[in-house]
Amino acid sequence: MSIHNHPAAPRGLRNTHGGRRSPLAIGILLAALGSAAGAAEKTTGATEDGQKAAPTLNTVTVTATRREETLQKVPVAVSVVEGEQLERDNRNGVSSIVSQVPTLNFRAGASNKDTSLFIRGVGTISTSPGVEPTVATVVDGVVYGRPGQATLDLLDLERIEVLRGPQGTLFGKNASAGVLNIVSKEAPEETHGYVDYSHFGGGNENRLRFGIGGRLSDSLKGSLTTLLGGYDGNVENVHNGHDVNGYYHKGARGKLEFEPNEDFRFTLIADYMKSRDDIAAGPITKVTNAGFASALLPVTADSDSRKLNNDQRTYVDDVNQGLSGQFDWQLGDYTLTSISAWRGWENTQFQDGDRLATLPVAASHDKGEVDYNQYSQELRLASPKGEFLEYVAGAYVMHSKAEETYRRLSITGSVPNTGRADYSVTGDSYSLFGESTLNFTQDLRGIFGLRWTHDALEYDHRRVSTSPTAVAGVQPSTASSGSVDEDGWSGRIGLQYDLSDAVTAYATYSRGYKGPAYNVFFNMQPRDTGALKPETSDSYEVGLKASALGGRATANLAVFHTDYDDYQANFPDLVAGTVVTRLINAGAVKTQGVELDYAFQATRQLKLSGAVAYTKARIDSFQCPPGAASSCNVDGSPLPFSPDWKSYVRADYVIPLDNGLDIELATDYSWQDKVQYSLDQNPDTIQGAYGIWNASIALADYNQGWRVALLGKNLADKSYSPLLATGTGYVYRVVPRDDERYFGVQLRKDF
């Protein structure tokens, strides 16, 4: 979904988005209108008689091809979400944008390290440090190696580009389903600061941000943004009466931009974020064991439950930090870019695994610790634009190491047993890549890209148990290690043709690659010691991007089909009486569908926009693992976290007042089809179709630099869950922030 700024908004940005229509019909209609509107688009400035020009959509610039290009001309399916609009909507992290981008989905978990992103129905669910995410997250050119790193609050955000489909040529080996390309704001030219504060009900949420930036000298400018936020939560633990499912976050992000002359620029970025997430250990939605139902009292199972009965507090402490330096040299007409980066991530989780307050009779309590570090270096050379041959070529190196310790206390009949596992995974990746554009004519272009990747992965695992035999949740002592090396190829080839000044079409074939993996976790057994094969994909895509009505309307249509082989996925299993998931090469899967992003500036004050997607993600041929505890009869079934239909619609209306004030009205509605959360197609892990309606009203004076807004979230009071999962004898849910109706106020002052 593309988000455009209001065309005539000198006193502030007014971003909008939303909508659901028939994607194919709207795409064809706008393509036809765009051909006739090409000439009109060239006259959307001031008119000769001095009258105001017709309202138009502002141009959206993206870096989806590692160059700055307009969204309407780049031959990639991209959805763009503007950072300012996310802040105004109280959407503060990656997981919060999934309602606005229909082909993007998110899996929550017991810890941030258990989260996953899905694009076009494909993602990787695993707690193992030995597997890469299928959807890559890139922040200011730096690849984040672990999915949990991407859960931090986003500061100084300019925009998020969601690149759909394999992007392995330019964005790395683990971008086999897509990329979240996150771009931060540049430091301002003139000194500028702001303070904003927001308070929301439904759990006493408070957020305070402060930012300042500007020029420090003729050749140096910088910016600093800080955050302090807290939220009590919307789930009650009846054991002690505490509210849980909240958070406490604090952090800062700083940027320095040094530009001694027009040919050289150096950007230094440092960030630090410390967070505590009081994650609720899964309110119970269904009980299939009478004994568990009795132990759960006074809490009873309910599909919309927001109550727990836990004797151990479940929470996660995270520290995310990093430092990166980017050099950009102009070598004549060429640009050489170097990005050197380090990122560190510490994650500590405490979990009440039994979900009961049963000490000292029976319990399963966990503590896990993660210490992860990565170092990366990328070099890119970009040729000048406007030549017959344009290209971006480069090399990439990344070294990472994850060290984890996981402890479990298992009490059965008042007999305590303990297990401790210490394990590490070290990864080294080397890549050479390049993508070229061949300008055959002014309107016809060829696309060719290729990437070679070498992966070296090794692990070491040691578990010590106080019991020589398996007990509830703890396997006997064991030790193992292993290593694997693989070479992989990814790339893209295609054609792009401008049907007119306002309409461009493209057709591409992409090869995706995700490296080998190890299933390294607490209860790892001898059967888990083998390396998983790399995951590969073949993707075919046809796209149409059109502008119409003199620049007042845009529509971007994509039709795709992708086949995955050796799909790396988790399958439910029973280990020592506890339901876990086993990471396997699950076989072959297929995803295909149609996507449409659109926007329409109806009047100078009113804008409508949105997105809709139909995604048919299915299992072609499942390879059942030996000793599986669940049914393997899943061929033809949907992939988890992939609703067939999903849409988003938004309307914004601005009322200018004579005294310089603006009244800003906004409303949006997101809807998705039913979705299955488990690969084994458990009927208890299906979330039914639902829609969420939000709205806001604001009063602003941008000349004086202030804005006050009132927001209403989930106005229809619809309860839903982003995750349903099974335990031994029960089904539990994750409770989202907007599981019920709530309201809030935002205050901002610029200076």
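The values are calculated or read from the model by the stated rules, or taken from the named source; none is laboratory data. Just so we're clear, the structure is a prediction, and the values are computed from it rather than from any experiment. With ideal geometry, Cβ positions are generated from the backbone for all residues, glycine too; neighbour counts draw on all protein chains shown.
The table that follows gives values for the structure above.
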read-out: Strands (runs of 3 or more DSSP E) wholly inside segment 326-436 that include at least 2 residues being within 30 Å of PRO129 (Cβ to Cβ) and touching a helix residue (DSSP H, G or I) at 6+ places or on another chain (Cβ under 6 Å); value: 334-352
read-out: Residue satisfying all of: in segment 135-176; under 20 Å from THR508 (Cα atoms) and hydroxyl-bearing (Ser, Thr, Tyr); surrounded by the fewest Cβ atoms within 10 Å (Cβ to Cβ) among these; value: THR169
read-out: Condition check for SER79: surrounded by fewer than 24 Cβ atoms within 10 Å (Cβ to Cβ) and either part of a loop (DSSP other than H, G, I, E, B) or at pLDDT 85 or above (or both); value: no
read-out: In segment 435-464, residue surrounded by the fewest Cβ atoms within 10 Å (Cβ to Cβ) [restricted to those that are without any contact (Cβ under 8 Å) to a residue 60 or more places away in the chain and touching a Lys or Arg at 6+ places or on another chain (Cβ under 8 Å)]; value: VAL464
read-out: Residue in segment 601-612 that is hydrophobic (A, V, I, L, M, F, W, C), surrounded by 21 or more Cβ atoms within 10 Å (Cβ to Cβ), at pLDDT 95 or above and closer than 23 Å to LEU163 by Cα present; value: yes
read-out: Among (1) assigned to a loop (DSSP other than H, G, I, E, B); (2) modelled with pLDDT under 95; (3) touching a Phe, Trp or Tyr at 6+ places or on another chain (Cβ under 7 Å); (4) small (Gly, Ala, Ser) - the single one SER678 does not satisfy; value: (3)
read-out: Residue in segment 343-350 that is modelled with pLDDT under 95 and under 21 Å from VAL235 (Cα atoms) present; value: yes
read-out: Segment 682-711: number of residues that are closer than 26 Å to ASP302 by Cα and over 24 Å from the mean Cα position of the chain (by Cα); value: 3
read-out: Top-ranked residue of segment 90-107 - restricted to ones that are more than 11 Å from the chain's Cα centre (by Cα) and modelled with pLDDT under 90, ranked as farthest from LEU710 (Cα to Cα); value: ASN92
read-out: Subset of segment 177-195 that is under 13 Å from ASP156 (Cβ atoms) and of a type in the set (D, E, K, R) - its residue that is surrounded by the fewest Cβ atoms within 10 Å (Cβ to Cβ); value: GLU186
read-out: Tally of residues being part of a loop (DSSP other than H, G, I, E, B) and in contact with a Pro (Cβ under 9 Å, 6 or more places away or on another chain) across segment 103-117; value: 2
read-out: Only one of SER116, SER111 that is surrounded by fewer than 23 Cβ atoms within 10 Å (Cβ to Cβ) and either among the hydroxyl-bearing types (Ser, Thr, Tyr) or at pLDDT below 95 (or both); value: SER116
read-out: Any hit, segment 399-412, residues being small (Gly, Ala, Ser), modelled with pLDDT under 95 and at positive phi; value: no
read-out: Top-ranked residue in segment 119-138 [being of a type in the set (Ser, Thr, Tyr) and either modelled with pLDDT under 90 or part of a loop (DSSP other than H, G, I, E, B) (or both); ranked as farthest from the chain's Cα centre (by Cα)]; value: SER128
read-out: Inter-residue pairs, beta-carbon under 9 Å, first in contact (Cβ under 8 Å) with a residue 24 or more places away in the chain and aromatic (Phe, Trp, Tyr) and in segment 218-240, second assigned to a strand (DSSP E or B) and surrounded by 18 or more Cβ atoms within 10 Å (Cβ to Cβ), 6+ apart; value: TYR231/PHE200; TYR231/GLU205; TYR231/ARG207; TYR231/TYR247; TYR231/HIS249
read-out: Selection count, segment 288-304, where residues are out of contact with any strand residue (DSSP E or B) (no Cβ under 6 Å at 6 or more places or on another chain), of a type in the set (Ser, Thr, Tyr) and either touching a residue at least 60 places away in the same chain (Cβ under 8 Å) or more than 14 Å from ARG355 (Cα to Cα) (or both); value: 1
read-out: Search result, residues across segment 241-278 that are more than 23 Å from PRO188 (Cα to Cα), acidic (Asp, Glu) and either surrounded by fewer than 16 Cβ atoms within 10 Å (Cβ to Cβ) or touching a residue at least 60 places away in the same chain (Cβ under 8 Å) (or both); value: ASP277
read-out: Residue that is surrounded by the most Cβ atoms within 10 Å (Cβ to Cβ) [pool: residues in segment 467-491 that are of a type in the set (S, T, N, Q) and touching a strand residue (DSSP E or B) at 6+ places or on another chain (Cβ under 9 Å)]; value: SER490
